[in-house]
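Only the coordinates and a few stated rules stand behind these numbers; no lab work does. Source: prediction; values computed, not measured. Neighbour counts run over all protein chains shown; Cβ positions are idealised from the backbone, glycine included.
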Amino acid sequence: MIGYLTLILSCQLAGEVVVGALGLPVPGPVLGMALLFGFLLLRGHVPDALGATADGLLRNMSLLFVPAGTGVIMHVALLSEALVPLSLAVAISTSAAIVVTALMMRLLSKGADRE
Amino acid sequence: MNNLAQTWVYLSASPLFHLTLTLAAFQAASLLFEKGRRNPLLNPVLGAVGLVVAVLAATGTDYATYFEGAQFVHFLLGPATVALAIPLYRQWHHVRASWLAIGASLLTGSLAAVASAVAVLWLADSGTTLMATIAPKSVTAPVAMGIAEELGGLPSLTAVLVIVSGIFGAMFGPLLLNLIGVKDWRARGLAIGTASHGIGTARALQVNETAGAFSGLAMGLNAMATALLLPLLWGLFF
């Protein structure tokens with residue numbers, strides 16, 4: 001458990017270092033995800049303890065967004081000024097992205113629409 | 001009473017209180033979500049943020065003080081993002097089989113997100129700063145903030161819009177997908193991850209592992225695609 005937690009943190013650290021050194025436009029943890037994925041490809045399977053550690057983190061992932069979301073209190077003035085256009089833009093754009101992506105995926109993977 | 005006041009002075013300055021508040025608010029919001037038969041309007045992230053904001057407002061606490069306690073939870077976002085490699089690896093055979101469809105759908109969806117958000121603000125005459133602030137709103141927060149800064153937007157407001165987009169997609173995404181009749185878990189996950197990054201992915205993982213893996217993949221790819229392409233596109237228009 002601690003061993004695999006160390007592996008996860010090491011991937012993140014390596015990701016942060018590479019992103020910082022090369023000035024890449026992605027966040028360190030996203031590169032860390034790619035590194036851990038590479039490790040799994042080499043390994044050929046997911047070790048049970050790593051799977052359990054990751055599942056534990058991911059099952060509760062929603063909780064992790066609460067501190068950042070609370071940051072809304074710093075922007076009350078700006079938000080109330082442009083509340084209507086900003087809300088409309090978020091709602092329309094998020095819906096458009098979902099519908100367009102899903103329909104394109106269905107169109108391009110014809111005949112694969114099982115389940 | 002005096003003791004109570006002293007205890008509060010001590011607690012409000014230590015990280016313990018706001019860390020506990022964050023966990024307790026999320027527990028309460030999750031319980032409400034379950035009791036309400038997972039009604040999307042009772043989204044636990046939204047509920048928990050609402051509860052925390054109410055407590056902070058009632059006690060006159062500023063965000064910096066709150067974050068001293070909440071940072072321990074916030075920190076785990078990094079390791080959780082890395083851990084998305086595991087569901088992705090478990091679903092890799094699906095991804096390999098349709099990588100071209102995935103790439104093309106992701107790029108069109110990503111473009112739809114940016115173009116429609118900017119178009120709404122342009123029609124409302126909201127100004128270039130707000131347009132640059134909202135353009136990267138479907139991308140995971142740390143990347144979106146970097147992009148907003150590059151385009152001349154307000155990064156901290158971008159973070160708020162990113163979170164709201166995530167919650168909106170987690171709440172209404174499944175309903176929209178049912179409405180247009182897309183049942184394939186791969187397409188559903190890809191759509192949620194493209195539009196609603198980590199918050200959508202967290203929700204998708206609770207519903208179906210294939211959807212969760214595709215959502216995590218879409219979140220990572222959309223972050224890379226938007227970070228690379230949006231500044232170039234932006235230069236053509238503004």
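Computed values, structure above
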quantity	calculated
Counted charge near B:Phe168, where neighbours are those whose Cβ lies closer than 13 Å (Asp, Glu -1; Lys, Arg +1)	+2
A:Ala77 paired with B:Phe67, simple spin-label distance in nm, labels 7 Å along Cα-to-beta-carbon	1.8
Fully extended contour minus Cα-Cα distance, from B:Asp125 to B:Leu76, at 0.36 nm per residue	13.8 nm
Check: chain A dipole with +1 on Lys, Arg Cβ and -1 on Asp, Glu Cβ, in debye	260
Rough spin-label spacing in nm, given labels placed 7 Å along Cα→Cβ, for B:Phe238 and B:Ile180	2.5
Bins of 5 Å, starting at 0 and running to the largest distance - Cα pair percent for the range A:70-115	5, 18, 15, 15, 12, 10, 8, 8, 7, 3, 0
Rounded to whole Å, sorted largest first: equivalent-ellipsoid semi-axes of the range B:2-78, Cα gyration tensor	25, 15, 10
A:Val46-B:Leu229 FRET efficiency (beta carbon distance; Förster radius 41 Å; 0.05 resolution)	0.80
Charge dipole (debye, nearest 20) of chain B; +1 at Cβ of Lys and Arg, -1 at Cβ of Asp and Glu	800
Prolate/oblate/rounded call for chain A, Cα gyration tensor, a/c under 1.5 rounded	oblate
Size of electric dipole in the protein assembly as shown: Cβ of Lys, Arg +1 and of Asp, Glu -1, about Cα centre, debye, nearest 20	980
For B:19-31, mean number of other protein chain Cβ atoms within 10 Å	2
Neighbour-count ranking [beta-carbon atoms within 10 angstrom, fewest first] of B:Lys183, B:Lys137	B:Lys183, B:Lys137
Cα pair distances in the range A:1-59, grouped into 5 Å bins until the bin that holds the longest one, percent each	5, 19, 25, 26, 14, 8, 3
Unit Cα scatterers, Debye sum, the range B:87-237: log10 I(q)/I(0) for q = 0.19 Å⁻¹	-1.08
